[in-house]
Amino acid sequence: MVYSKRTPLRDYIFLTIGAVLVSIASQNIYAPAGLVTGGVGGISIMLKRLFGLPLWLSNTIINIPLFIIGYFACGWKFIRRTLYATAVMSVALLLLPEYNLVQDNDLFLQAIFGGIFCGAGSGLVFAALATTGGTDLLAAIIQKKMRHLSIPTITEVLDWSIVIVGIGIFGGVKAMYAVISIYVFSQVSNWILDGLHFAKCAYIISERSKEIADRILTEMDRGVTGIQAKGMYSGNDTEMLYCVISKRETAMLHDIVHAVDPEAFVIVSDVREVHGEGFTR
């Protein structure tokens, strides 16, 4: 996740910036291209094409009943930050000029950059423990009555239903570009939430684990943990080493292990976020 000390001020700064970025994606990228990526934004784009309603107006009209229902179903504490984010988004949509950021109407570029703007904005909003309203809020309300379904599952069904409706208005080609944008959106929003603190973790199984651990400690200045393990095929007890390293240290780790024991069994996998000594605090 976005890692910094959580304060109300920080959260509301994130909400403001995030809502503005989502608004730019809707007003200046998705709407001119006719890309429907789900949510109230997708519904607003369809209403603009069919009836000429401005995005800010349809976004407000659709969300008002959802917030009223959400207040009685979930309480004020649940909706207050989402209400703020939705209000900022409606104001931003009102103030932003109807300008196409991608002048040559390149659908691929519009799908990519729409996903980047919308994903970055939504990631900031999610990091502040809120949403921009719409289908996320509706999903939370539905989940109160259908406990066996998760909010992400309900949201996904609602959003894809909107995308399918959009096919009838804007055509199948634009729907396929919308799918590309949805993918970019999910990657960018996850990237914002997970933060930039990516690392690698390594599991090392070797009969010479003590020598390998000593070299990692002295040459790489990284901590190593020994975990007692048992080979289920051989039945022998062994010690498995576990350590977390930065991505650029992966090659150095492989060199150390191979130099000590070329027969060692090594597993290296991604770590999404690391906090502590030697990494971020």
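Tabulated results
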| item | result |
| --- | --- |
| The chain - percent of accessible surface contributed by carbon and sulfur, probe 1.4 Å | 64 percent |
| Probe 1.4 Å, accessible area per residue of the stretch 163-229, Å² | 56 Å² |
| In degrees, nearest ten, helix 172-194 long axis to first principal axis of the chain (Cα) | 50 degrees |
| Radius of gyration and Dmax over the Cα atoms of the stretch 134-261, both given in Å | 24.3, 66 |
| Hydrodynamic radius (Kirkwood) for the stretch 1-90, which is based on Cα pairs only, to one decimal in Å | 14.2 Å |
| Ellipsoid equivalent to the stretch 216-273 - semi-axes via the Cα gyration tensor, in Å | 22, 14, 11 |
| Proportion of all alpha-carbon pairs of the stretch 91-166 beyond 21 Å (%) | 45 percent |
| P(r) of the stretch 60-119 over all Cα-Cα pairs, binned every 5 Å from zero, in whole percent | 4, 15, 17, 17, 14, 14, 9, 7, 3, 0 |
| Gap separating the Cα centres of the stretch 114-184 and the stretch 65-85, nearest whole Å | 18 Å |
| Loop-exposed chymotrypsin sites (Phe, Trp or Tyr not before Pro) per DSSP, neighbour cap 14 Cβ within 10 angstrom, longest uninterrupted part of the chain | 100-197 |
| Degrees separating the helix 8-25 axis from the principal Cα axis of the chain, which is the longest one | 60 degrees |
| Listed pairs Lys210/Lys247; Lys174/Lys200; Lys48/Lys77 exceeding 28 Å between Cα atoms | Lys174/Lys200; Lys48/Lys77 |
| The chain: angle of helix 151-170 to the longest principal axis, Cα-based, in degrees nearest 10 | 50 degrees |
| Volume per residue that the Cα convex hull of the stretch 36-168 spans, once the total is divided by residue count, Å³ | 116 Å³ |
| Segment Thr225-Leu101, extension gain: residue separation times 0.36 nm, minus the distance between their alpha carbons | 39.5 nm |
| Asp255 paired with Thr218, simple spin-label distance in nm, labels 7 Å along Cα-to-beta-carbon | 1.7 nm |
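The values are calculated or read from the model by the stated rules, or taken from the named source; none is laboratory data. Quick caveat: nothing in here was measured; it's all calculated off a predicted structure. Positions of Cβ are generated from backbone atoms using ideal geometry, with glycine treated the same way; all protein chains shown enter the neighbour counts. Areas reflect the complete protein model, heavy atoms only, side chains present, ligands, DNA and RNA absent. Shrake-Rupley method; radii C 1.70, N 1.55, O 1.52, S 1.80 Å.
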